[in-house]
Amino acid sequence: MNPEIIEQEIVVKPGIPQRTFADLNLSDEILQAVTEMGFEHPSPIQAEAIPPILLGRDVIGQAQTGTGKTAAFGIPAIDLVDVTERHPQVLVLCPTRELALQVADEVRKLSKFKRGIRVEAIYGGDSIERQIKSLKTGVHIVIGTPGRVMDHMERRTLKLDNVKMMILDEADEMLDMGFREDIESILEDMPEERQTILFSATMSKPIMGITQRFQKDPVLVKVVKNELTNTNIEQVYFEVKPKAKVEVMCRLIDTYDLKLLLVFCNQKKRVEEIVEDLQVRGYQAEGLHGDLRQAQRNNVMSKFRSGVTNILVATDVAARGIDVDNVDAVINYDIPLDEEYYVHRIGRTGRAGKSGKAFSLVGRDEKYRFREIQNYTKVRVEKGVIPSFEDIVGLRKARFIEQVKQSIETSQDLNLYDDMLTALHHSGFSTEQIVSALVKRGMGIEKNEFSDQNLGHDDDRRERREGSRFGDRDRGGRFGDRGGRGESFGRFGDRERRGEGRFGDRERGPRFGNREDRGESRRPERDDRERAPREREANMTRLFVSVGRRDFIRPGDIVGAIAGEANIPGSTIGHIDIFDKHTYVDVPRDFANRVVDVMEGNTIKGKRVQVEIAR
């Protein structure tokens, strides 16, 4: 942190005396809203960030996900809006559409009692015509993703001339996704006299570059935690054979009687497999991954929030921005490929002072990665004992007995069923047989292939060979090679082995690779017809994009547009070859059709583009 650009630094440590929202000089409308939402005391980031924002200061908020950042900027933003002026006064940038929707929903709840205020979320995947119509009616607070905000700016359907407050939410994530140029372009187009608020979990060099360039004498509010993970969360891991993970997960659900559950895995294909397995076993499960259209995603989240679905299986990228109260537990079906993802995952339980549970199912080839996570979080996670089949039968019997007792004690019409027992007796069955059959149907438990097995790691020779094959050869484990990482590959693999940094080969030069590799060499180029694009990597699909050097396109423009509209990490995008009139870009095979669909009719740098799978 450069002390020259920080006028004041507020470090929030655990155990500080709690303020109330009434102490923060807020309007009556805001106080009424937070009271209705059930909040009595502001979180540390809210208590320290809200006062300087209300005073008009630029603020940098450094805090992890789940610390109340949205209300920290949402509350003062709402209080500072003049509802008599029907134009955008606050602009909030978010990395993904899920987070944009989540922020918009929270801001609407906080502004419930402020009459006349209008909030609109703009993001890729939603009808741009609907968004244009809404913006024309007059919106005070606009929350959007960088790509869609740029699109509206180029169409002149979003004018920033009167914006008084600019907020960057999860700025580090936006930079990781390749949005830096979009963010800088948006900031440059805004009024000189404005407030700039930036929230980020980390203070990297790129973040500091944004701060130095676009903020004036900012106040740094830094939440310091003793641990990166919440102390209200009970963390346990289980060593599990990969083929037995669903069985172990179901046993944990039964053992702890989990009512609302988030399950994380690393690949969208795995999401679908797990959901199908759970549904076959009678659980109410739904999946969330990047290939779902926005209407499908909204439907899944609506059912999960309402409790119609009590198990949500998701990938990290798809789940970003999900903020659901009262989640009993998080299960890491796959160990995440990045330590920060672990923190984000388990932070979705144990919120608002409540207790939560985080269970990690660790396969043989994931043990090393899980040790790295423990070193990163500085928390020693206890090893758990997998509940046996007999344990589950005993628990279900006890619960069934309690349910029967409750029915006998509370029901007034049990005599309606007397004739059924007589009929079954006449069929030749004894009372004991009848009761046993009814209990079996009621409990819904049967022996399966795992019932009499040890589900932990076996030491037989075959498993040792598999462990050596997958676990020791690369640190990424089972999903560590580029071909099998699903939505996270190309970003968190064995960087040293590939000679790569976060976005590519650092020894070759710039962030997106060597200029010559991208078709942007300063030397005179051969004619495009003579120069063929590079060979495609495995498990990548090459796309044709109908803009090129003549349209002043740079790699960052391509990455920002695709990552923002298709909601995929910019770091998963592969080689980019820019020619005079067109561009070739490699994207993960699983995302190719979605990218083509969402980019249909979209623009890059104001030019409408055609995107299709290259021949």
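The values are calculated or read from the model by the stated rules, or taken from the named source; none is laboratory data. Note that the structure is a prediction, hence the values are computed from the model and not measured. No Cβ is skipped: glycine too gets one built from the backbone with ideal geometry, and neighbour counts run over all protein chains shown.
Regarding Arg550, is this residue part of a loop (DSSP other than H, G, I, E, B) and farther than 24 Å from Leu292 by Cβ? Considered against the rule, which asks whether it is part of a loop (DSSP other than H, G, I, E, B) and farther than 24 Å from Leu292 by Cβ, Arg550 comes out as no. In the set (1) more than 27 Å from Glu600 (Cβ to Cβ); (2) modelled with pLDDT of 95 or more, Asp172 fails one condition alone, (2). Only a single criterion out of (1) surrounded by fewer than 21 Cβ atoms within 10 Å (Cβ to Cβ); (2) more than 24 Å from Gln279 (Cβ to Cβ) is not satisfied by Val324, namely (2).
When Tyr376 is tested against (1) surrounded by 21 or more Cβ atoms within 10 Å (Cβ to Cβ); (2) out of contact with any Cys (no Cβ under 8 Å at 6 or more places or on another chain); (3) of a type in the set (Ser, Thr, Tyr), just one condition goes unmet, and that condition is (1).
So that you can scan it fast, the table gives a plain yes or no per residue for (1) within 22 Å of Glu173 (Cβ to Cβ); (2) of a type outside the set (Lys, Arg):
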residue	(1), (2)
Asn266	yes, yes
Lys269	no, no
His289	yes, yes
Gly307	no, yes
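Somewhere in segment 271-279, is a residue part of a loop (DSSP other than H, G, I, E, B), crowded, with 18+ Cβ neighbours inside 10 Å and at negative phi? No, the conditions are met nowhere in segment 271-279. Restricting attention to segment 289-307, the residues that are closer than 18 Å to Ala121 by Cβ and touching a Lys or Arg at 6+ places or on another chain (Cβ under 8 Å) add up to 1.
Candidates in segment 150-173 are the residues that are buried (at least 19 other Cβ atoms within 10 Å of the Cβ) and acidic (Asp, Glu); of these, the one that is farthest from Ile60 (Cα to Cα) is Asp151.
Against the conditions (1) surrounded by fewer than 18 Cβ atoms within 10 Å (Cβ to Cβ); (2) under 13 Å from Ala171 (Cα atoms); (3) of a type outside the set (Gly, Ala, Ser), Ile197 satisfies every one except (1). Checking each residue in segment 258-284 for being closer than 14 Å to Ala329 by Cβ and without any contact (Cβ under 8 Å) to a residue 40 or more places away in the chain picks out only Tyr283.
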